[in-house]
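Contents: one structure, followed by commentary.
The values are calculated or read from the model by the stated rules, or taken from the named source; none is laboratory data. Everything numeric in this text was worked out from a predicted model, so none of it was measured. A quick note on method: Cβ atoms are made from the backbone with ideal geometry, for glycine too, and the neighbour counts reach across all protein chains shown.
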Amino acid sequence: ILEVGMCLSRNYGIPIIPSSSIKGAFSNYITDFSLISEKEYLKVFGESMVNPDENEKGSVIFLDAYPVSELRFSLDIVNSHFQPYYMDGKIPNDWYNPVPVQYITVGLGVFRFTLLSEKRLDDVLVAKLTFAFKDMLRRYGIGAKTNYGYGRFEETEDMSKQ
């Protein structure tokens, strides 16, 4: 039994990275490192970093990331060492047997990330956003278990003109 989910395209049945996850991770990365000004942030994301009531339509559109190569799937496990503690409220201790939970991962594959802009953004802001987006994917990744190496990406080639 596989109990940990993977986001699949409802149209194609292939793994995707939802646009909401991409936008959320990028927004978090931008704010954590203060990489753009409040005014630029409002223009890009459509929301204020400091005033949650100040919202407008953002100029950047985030699309789902789709695989553009053959994917290699792998199995991994999570071992719950204290299942009686979590399930039955018993004290945590080391005499419980680990209960492995298997899940499918994408072990290898190339995904295409697409960001569009409804309005023309100045070249300096585009350069900052491009660098920050690539850095976020490489260093921090997207999704669960990034501390274990999942969800990290490397640039394969410049596909921005395609």
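General observations
- Here Val50 clears all of (1) farther than 30 Å from Val99 by Cα; (2) surrounded by 13 or more Cβ atoms within 10 Å (Cβ to Cβ); (3) aliphatic (A, V, I, L, M) except the condition numbered (2).
- Verdict on Ser37 being out of contact with any Phe, Trp or Tyr (no Cβ under 6 Å at 6 or more places or on another chain), free of Cβ contacts under 8 Å to residues at least 60 places away in the same chain, exposed (fewer than 15 other Cβ atoms within 10 Å of the Cβ) and farther than 23 Å from Lys119 by Cα: no
- Selection of the stretch 69-78 for residues being surrounded by 13 or more Cβ atoms within 10 Å (Cβ to Cβ) and β-branched (Val, Ile, Thr) yields only Val78.
- Listed by first and then second residue, the pairs linking a residue in the stretch 140-162 that is loosely packed, with under 14 Cβ neighbours inside 10 Å to a residue that is of a type in the set (D, E, K, R) and modelled with pLDDT of 85 or more, with Cβ atoms under 9 Å apart and 6 or more places separating them unless they lie on different chains, are Tyr148/Asp76; Glu154/Arg138; Glu155/Lys134; Glu155/Arg138; Met159/Arg112; Gln162/Arg112.
- Selection count where residues are surrounded by 12 or more Cβ atoms within 10 Å (Cβ to Cβ), without any contact (Cβ under 8 Å) to a residue 24 or more places away in the chain and either assigned to a loop (DSSP other than H, G, I, E, B) or of a type in the set (D, E, K, R) (or both), scope the stretch 7-25: 1
- Single residue of the stretch 53-84 satisfying the filter (outside any strand (DSSP E or B) and of a type in the set (A, V, I, L, M, F, W, C)) that is nearest to Tyr103 (Cα to Cα): Leu71
- Filtered by the rule that a residue be surrounded by fewer than 12 Cβ atoms within 10 Å (Cβ to Cβ) and in contact (Cβ under 8 Å) with a residue 12 or more places away in the chain, the stretch 107-138 gives Leu108, Leu116, Glu118, Lys119.
- Residues of the stretch 96-153 that turn out to be out of contact with any helix residue (DSSP H, G or I) (no Cβ under 8 Å at 6 or more places or on another chain), under 30 Å from Gln83 (Cα atoms) and basic (Lys, Arg), as a count: 1
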